[in-house]
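The values are calculated or read from the model by the stated rules, or taken from the named source; none is laboratory data. Worth saying up front: this structure is predicted, and the values here are computed from it rather than measured. No Cβ is skipped: glycine too gets one built from the backbone with ideal geometry, and neighbour counts run over all protein chains shown. Side chains are part of the model used for accessible areas, which takes the heavy atoms of the whole protein and leaves out ligands, DNA and RNA. Shrake-Rupley method; radii C 1.70, N 1.55, O 1.52, S 1.80 Å.
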Amino acid sequence: MKKLINDVGSVVTDTLRGVAAAHPSLRVDIENKIIFRRDAPRPGKVGLVSGGGSGHEPLHGGYVGYGMLDAACPGEIFTSPVPDQIVRATTGVNGGAGVLHVVKNYTGDVLNFEMAAELSDDEGVEVARVLVDDDVAVRDSLYTAGRRGTGAAVFVEKIAGALAEAGAPLAEVVRVGREVNDRSRSFGVALSACTTPAAGRPTFELGEREIELGIGIHGEPGRTRAAHREARELVRIAMDAIDDDLPLSGETLVMVNGMGGTPLMELYIVFAEVAAYLKEKGATATRRLVGNHVTSLDMLGFSVTTCALTNELTRLWDAPVETPALRWGR
Amino acid sequence: MKKLINDVGSVVTDTLRGVAAAHPSLRVDIENKIIFRRDAPRPGKVGLVSGGGSGHEPLHGGYVGYGMLDAACPGEIFTSPVPDQIVRATTGVNGGAGVLHVVKNYTGDVLNFEMAAELSDDEGVEVARVLVDDDVAVRDSLYTAGRRGTGAAVFVEKIAGALAEAGAPLAEVVRVGREVNDRSRSFGVALSACTTPAAGRPTFELGEREIELGIGIHGEPGRTRAAHREARELVRIAMDAIDDDLPLSGETLVMVNGMGGTPLMELYIVFAEVAAYLKEKGATATRRLVGNHVTSLDMLGFSVTTCALTNELTRLWDAPVETPALRWGR
Amino acid sequence: MDTRFFVIWMEEITAAVRAGRDHLTRLDAAIGDADHGTNLDRGFAAVAEALAARPPDTPGGVLVLAGSTLIRKVGGASGPLYGTAFRDMGKALGDAADVSAAELASALEAGLAGVRRLGGAEEGDKTMVDALAPAARAMARTVDAGGDPEEAFAAAAAAAEEGAKATVPLVARKGRASYLGARSAGHEDPGAASTALIVGALRAVATRRSPRSESRP
Amino acid sequence: MDTRFFVIWMEEITAAVRAGRDHLTRLDAAIGDADHGTNLDRGFAAVAEALAARPPDTPGGVLVLAGSTLIRKVGGASGPLYGTAFRDMGKALGDAADVSAAELASALEAGLAGVRRLGGAEEGDKTMVDALAPAARAMARTVDAGGDPEEAFAAAAAAAEEGAKATVPLVARKGRASYLGARSAGHEDPGAASTALIVGALRAVATRRSPRSESRP
Ligand SMILES: Nc1ncnc2c1ncn2[C@@H]1O[C@H](COP(=O)(O)OP(=O)(O)O)[C@@H](O)[C@H]1O
Ligand SMILES: Nc1ncnc2c1ncn2[C@@H]1O[C@H](COP(=O)(O)OP(=O)(O)O)[C@@H](O)[C@H]1O
Ligand SMILES: [Mg+2]
Ligand SMILES: [Mg+2]
Ligand SMILES: [Mg+2]
Ligand SMILES: [Mg+2]
């Protein structure tokens, strides 16, 4: 394992030191591992808090700022944050209008955010939750922990964040957040496993021509192993899975996301095929993101996330945002 | 080699299809391989054209847009563009005030841009050039082709682009572009080689604990091979090389750049050490970029680029920019 | 069993988890996200620190502090689940200064109930419950049959180990291994494996402290 | 040598570069950027197409078209350099419909001069000049000594090959291999290797077409 780190034990802290040094618009509580918007709490504004394991950068810390999150709680690598940390973030961003937790659907995240919500409630902060579960590779059934939350977290955070910035009350922000999640679907493909600093070797082995279909964002193997093939075919597999679950049509927000180790060039090649697929289905990519947004450390691969837009969602997507990883209109 | 591509022969074209589909603010001439700002040419504005081999994305196409480049000419992978292509871009962005070529100092880029400049001149377009040569790993002497151009290309394009956007004449835009280059220095470190689609295997082999110091951006080996070590030490090597060449002091624009396969988390870890190093030297990172900006396909590693700021350069850096890879103020 | 006994149990777990860390992480790499060993190692190291800093004066106090510390330090699924298990065990023991094997057996059942309530897993879902439930049953059964603590803990530890091994062929229905569907079969559940370590530590403490075992060769 | 001879030379180069493509790229991977084979393959495939689409009617026309096509299609350092070499050779031949070995020898010198002017490389800088310069010298020498074209081309090809091999120990001073400093030693320069292919193709054409060689077994 060759990584740009100082020490396996200080990876998260050292990352936060870098985030603090790089972004004066953020206030980073390194000891408690919280990335705040510098001007939090904003009186009267619903606060948005998200978090999850580290290793998915820029998620979530890269989405803290005007028009998006008020705070992010990074856990250890691939490990959800702990309740204390979330409580501290929650009370720290509470401007009196309540706080929304954007939680990706993993047992660990759900349990820790739940505990934090109870404890925050004890401290008099109203907390509501939007659960993100967009990954169609996992059946949502009695036989699973439910769908995983992946790329749609970015959409929920941006769109709910825009509504909160506009001064909407907590119930409205929750409503739109849930709507975004309900309209979003994702599917991921890995060309390699990732290597966590602690494990020091890839979480699984793939042959020179093998890939994993239906991966999540924690380096776990996917639903099936398959033969590598051209980008066009891989996109068809991903898009068919999404379309089977929620037929694609009309104006669509699309993210082609890199898993961390895949160069931008390849993501554009994937995006070209995604746009062509949508066209075939009579849908259009009216809003687009191409890049590394929700990663799995150094994993090679991509995921596609779609969201069926409404006028309201498009307007909120277009609203100004100023974060390290997403910025426009300001 | 596992890559997200359709065909080794269509990599550049497929990338351009993706860029065209992803960014309606750009006009992409896929046949001639030119990425234009949609509103080019802008009458009375100095046009900015850059280009170089593909495989460095987002450079240069990701920097086309308001306040930066008017057109970019991507060549084949790691191969400079051809004169016809550059001439077409040059005439296509000429708004009557002349055109600046931002050229990284490689024999191929220099020769092809030179030929293009002569041919454009024949067509009545005034062309001037800023040569970017910031890489301190290469001695600028009779015994080399001179310093390579790497990360400073982003600084030159942003700052000269801002001045051109403000309506300055060609001579002024050239002056500020040269000043940025003169004040900029870079040094790169590779943890792995990259794999070009055509070669299908890494351009060199590195052992499990070996790294290359003083690499460029074309997958070539560096000046020396060394043992891998912690991020703090690697940063010290890079920063010492820069500081030896142009002592660091005062307000500094700093980019910590990923080589394509390195996750953002590691780049932040590197940035923390760079900021600490600068502080030690009495310099400050007053403007910062952390991310994949000038890449070498899937290479693992990083480079640091510094630019000693002046008030004018800071003001132009802060001016609004709206491109796929750099955006603020709009 | 007195307060000291429970403190030593925690120390024994800390050591066992440190020794088993990489193994647990490897199990988690196969069907999860390769952090279970690091998670528990971080958690129990913090438990040891907390116990040293603020030594509780009841067995229940030890377990509640351990549980709260796990919740505060571990994160992930296992943090709240183990944290709740220890807290609920501790709460079941109340203020008692000394605890009988029967009381510990029913505390273990309370801990199991806490895990079940929070995580919603049934036996057979390929989780820590598959080791914890048989362990609680075996301990209660042995105590009911008049076994001494050492026998009860040995039975519980054996049942936990057996339960953990028995997760190998199962298809996961809870936690992140469930995302793999049928591919989760063929691997031991990391949480069940760590439960076996935790209950095994109880046996180790009792064996070491028991006069009977001391009189053995 | 007539127009046909030069067209066949170009075809021979196209085939030789196609066959040598991966080898050239590997040489470039060692001390450059792993594209030299692909660059020339793309360029000479385009030359073949251009010659088929707009067949020139003089030897000079063939070379100028080949050179312009290389400039238009190759990019990199080798595109302008080889493009200029062929264009300058073609221009040196003027409108002549038939070209003597002596005329071709001095055209080759003109091509070399073009490369030198554009790239500024001296012999010993570890570039294509290290193959091209000895080739031009050998051809001129053989012609001066009364050798026939076949002999002149064979001497040139042998000199180019030798020149290319002789780049192995050199430290590069031009092109991207120069960035490596002392580490560039120990590798053959890819551009010198491709020059050997190009001059070797001339020998191959002459050998095949010459009545003398046809009368051999
Ligand atoms: N709903 C649940 N109920 C009981 N145990 C669970 C549940 N979900 C997960 N687990 C246990 O947690 C273990 C994983 O813990 P860990 O790796 O630390 O957390 P994470 O899955 O968040 O990375 C699993 O092996 C399983 O035994
Ligand atoms: N200044 C120069 N003069 C002569 N030949 C040169 C010069 N620079 C480079 N070359 C030749 O070009 C070859 C590399 O060509 P190629 O790989 O196609 O271009 P690039 O270096 O731009 O990738 C080198 O091996 C060398 O022979
Ligand atoms: Mg985890
Ligand atoms: Mg090249
Ligand atoms: Mg885990
Ligand atoms: Mg090359």
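Could you list, in sequence order, the residues of the range D:168-200 that are part of a helix (DSSP H, G or I) and aliphatic (A, V, I, L, M)?
If the condition is that a residue be part of a helix (DSSP H, G or I) and aliphatic (A, V, I, L, M), then D:Ala177, D:Leu180, D:Ala182, D:Ala192, D:Ala193, D:Ala196, D:Leu197, D:Ile198, D:Val199 are the ones that fit.
Please list, ordered by residue number, the helices (runs of 4 or more DSSP H) wholly in the range C:1-104 having 2 or more residues that are within 16 Å of ligand 2 (Cβ to nearest atom).
Of the helices (runs of 4 or more DSSP H) lying wholly inside the range C:1-104, none has at least 2 residues that are within 16 Å of ligand 2 (Cβ to nearest atom).
Each row is one residue, and each column tells you yes or no for (1) modelled with pLDDT under 95; (2) within 23 Å of D:Thr127 (Cβ to Cβ); (3) touching a helix residue (DSSP H, G or I) at 6+ places or on another chain (Cβ under 9 Å); (4) charged (D, E, K, R).
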| site | (1), (2), (3), (4) |
| --- | --- |
| D:Asp2 | no, no, yes, yes |
| D:Glu11 | no, no, yes, yes |
| D:Leu27 | no, yes, yes, no |
| D:Ala45 | no, no, yes, no |
| D:Val62 | no, no, yes, no |
| D:Gly67 | no, yes, yes, no |
| D:Ile71 | no, yes, yes, no |
| D:Val74 | no, yes, yes, no |
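For the range B:15-24, state whether one or more residues are within 14 Å of chain A (Cβ to nearest Cβ), surrounded by fewer than 23 Cβ atoms within 10 Å (Cβ to Cβ), polar (S, T, N, Q) and out of contact with any Gly (no Cβ under 8 Å at 6 or more places or on another chain).
no
Scan C:Ala66, C:Ala105, C:Ala97, C:Ala131 and give me the residue that is touching a residue at least 40 places away in the same chain (Cβ under 8 Å), touching a strand residue (DSSP E or B) at 6+ places or on another chain (Cβ under 9 Å) and more than 16 Å from ligand 6 (Cβ to nearest atom).
After ruling out the rest, the residue left standing is C:Ala97.
Keeping to the range D:28-59, report how many residues are of a type outside the set (Asp, Glu) and buried (at least 24 other Cβ atoms within 10 Å of the Cβ).
13
Mind listing whichever residues of the range A:235-267 are outside any loop (DSSP other than H, G, I, E, B) and facing another protein chain (nearest Cβ under 7 Å)?
Answer for the range A:235-267, where residues must be outside any loop (DSSP other than H, G, I, E, B) and facing another protein chain (nearest Cβ under 7 Å): A:Gly260, A:Leu264, A:Met265, A:Glu266.
Hey, could you check the range A:74-96 for residues that are open to solvent by less than 10 Å² (accessible area, probe 1.4 Å) and over 15 Å from the mean Cα position of the chain (by Cα) and say which is farthest from ligand 3 (Cβ to nearest atom)?
The first filter runs over the range A:74-96 and keeps only residues open to solvent by less than 10 Å² (accessible area, probe 1.4 Å), leaving A:75, A:78-81, A:83, A:86, A:89-90, A:93.
When the remaining residues are screened for being over 15 Å from the mean Cα position of the chain (by Cα), the result is A:83, A:86, A:89-90, A:93.
On the way: A:Pro83: 15, A:Ile86: 16, A:Ala89: 19, A:Thr90: 21, A:Val93: 25 Å.
It comes out as A:Val93.
Might you check whether a residue that is crowded, with 24+ Cβ neighbours inside 10 Å, at pLDDT 95 or above, outside any loop (DSSP other than H, G, I, E, B) and acidic (Asp, Glu) occurs anywhere in the range B:97-111?
So far as the range B:97-111 goes, yes, one or more of its residues are crowded, with 24+ Cβ neighbours inside 10 Å, at pLDDT 95 or above, outside any loop (DSSP other than H, G, I, E, B) and acidic (Asp, Glu).
I need the full set of residues from the range A:106-154 which are under 18 Å from the mean Cα position of the chain (by Cα) and among the aromatic types (Phe, Trp, Tyr), in order please.
A:Tyr106, A:Phe113
Sort out for me the strands (runs of 3 or more DSSP E) sitting completely within the range B:16-87 that have 2 or more residues that are farther than 20 Å from B:Asp133 by Cα.
The strands (runs of 3 or more DSSP E) meeting that bar are B:26-29, B:34-37, B:71-77.
Residues B:Val138, B:Val154, B:Val180: which one is of a type in the set (A, V, I, L, M, F, W, C) and within 12 Å of another protein chain (Cβ to nearest Cβ)?
B:Val138
Out of (1) closer than 28 Å to C:Gly119 by Cα; (2) not in a loop (DSSP other than H, G, I, E, B), the odd one out for A:Ala137 is which?
Going through (1) closer than 28 Å to C:Gly119 by Cα; (2) not in a loop (DSSP other than H, G, I, E, B) one by one, A:Ala137 breaks only (2).
Test of understanding: among A:Leu253, A:Leu246, which residue is open to solvent by less than 10 Å² (accessible area, probe 1.4 Å), touching a Lys or Arg at 6+ places or on another chain (Cβ under 8 Å) and touching a residue at least 60 places away in the same chain (Cβ under 8 Å)?
A:Leu253
Can you find even one residue in the range A:153-167 that is touching a strand residue (DSSP E or B) at 6+ places or on another chain (Cβ under 9 Å), over 24 Å from A:Lys45 (Cα atoms) and crowded, with 24+ Cβ neighbours inside 10 Å? Outline the logic, then answer.
In the first step, residues of the range A:153-167 are kept if they are touching a strand residue (DSSP E or B) at 6+ places or on another chain (Cβ under 9 Å); the result is A:153-162, A:164-165.
Next, from what is left, pick out any that are over 24 Å from A:Lys45 (Cα atoms): none.
No, there is no match, as no residue in the range A:153-167 is touching a strand residue (DSSP E or B) at 6+ places or on another chain (Cβ under 9 Å), over 24 Å from A:Lys45 (Cα atoms) and crowded, with 24+ Cβ neighbours inside 10 Å.
Out of the range A:298-319, which residues are assigned to a strand (DSSP E or B) and of a type in the set (A, V, I, L, M)?
Residues satisfying the conditions are A:Met299, A:Val304, A:Ala308.
Which one of C:Leu70, C:Leu51, C:Leu65 is of a type in the set (A, V, I, L, M) and facing another protein chain (nearest Cβ under 10 Å)?
Values: C:Leu51 fails: facing another protein chain (nearest Cβ under 10 Å); C:Leu65 fails: facing another protein chain (nearest Cβ under 10 Å).
Answer to the selection: C:Leu70.
Can you tell me which residues in the range B:320-330 are open to solvent by 40 Å² or more (accessible area, probe 1.4 Å) and not in a strand (DSSP E or B)?
Here is the first cut: in the range B:320-330, the ones open to solvent by 40 Å² or more (accessible area, probe 1.4 Å) are B:320, B:322, B:324, B:327, B:329-330.
The answer is B:Pro320, B:Pro324, B:Gly329, B:Arg330.
Quick check: is even one residue across the range A:70-85 touching a residue at least 60 places away in the same chain (Cβ under 8 Å), touching a helix residue (DSSP H, G or I) at 6+ places or on another chain (Cβ under 6 Å) and at positive phi?
Within the range A:70-85 (the criterion being touching a residue at least 60 places away in the same chain (Cβ under 8 Å), touching a helix residue (DSSP H, G or I) at 6+ places or on another chain (Cβ under 6 Å) and at positive phi), the answer is no, since none of the residues qualifies.
Restricting attention to the range A:279-318, which residues are of a type in the set (A, V, I, L, M) and either more than 9 Å from chain B (Cβ to nearest Cβ) or within 22 Å of B:Ile5 (Cβ to Cβ) (or both)?
Matches in the range A:279-318: A:Ala283, A:Ala285, A:Leu289, A:Val290, A:Val294, A:Met299, A:Leu300, A:Val304, A:Ala308, A:Leu309, A:Leu313, A:Leu316.
Whether any residue in the range C:65-77 is open to solvent by 20 Å² or more (accessible area, probe 1.4 Å), among the small types (Gly, Ala, Ser), away from ligand 4 (no atom under 16 Å from the Cβ) and under 24 Å from C:Thr142 (Cβ atoms) is what I want to check.
no
Can you find a residue in the range A:31-54 that is open to solvent by 30 Å² or more (accessible area, probe 1.4 Å), farther than 21 Å from A:Ser10 by Cα, in contact (Cβ under 8 Å) with a residue 60 or more places away in the chain and more than 14 Å from chain C (Cβ to nearest Cβ)?
Of the residues in the range A:31-54, the ones open to solvent by 30 Å² or more (accessible area, probe 1.4 Å) are A:31-33, A:38-39, A:41-44.
From what's left, farther than 21 Å from A:Ser10 by Cα: A:38-39, A:41-44.
Those left that are additionally in contact (Cβ under 8 Å) with a residue 60 or more places away in the chain: A:44.
With more than 14 Å from chain C (Cβ to nearest Cβ) added as a condition, the list becomes A:44.
Yes - at least one qualifying residue is present in the range A:31-54.
Among the residues of the range C:180-202 satisfying the criterion of being open to solvent by 20 Å² or more (accessible area, probe 1.4 Å) and more than 14 Å from the chain's Cα centre (by Cα), which is nearest to C:Asp130 (Cα to Cα)?
C:Glu188
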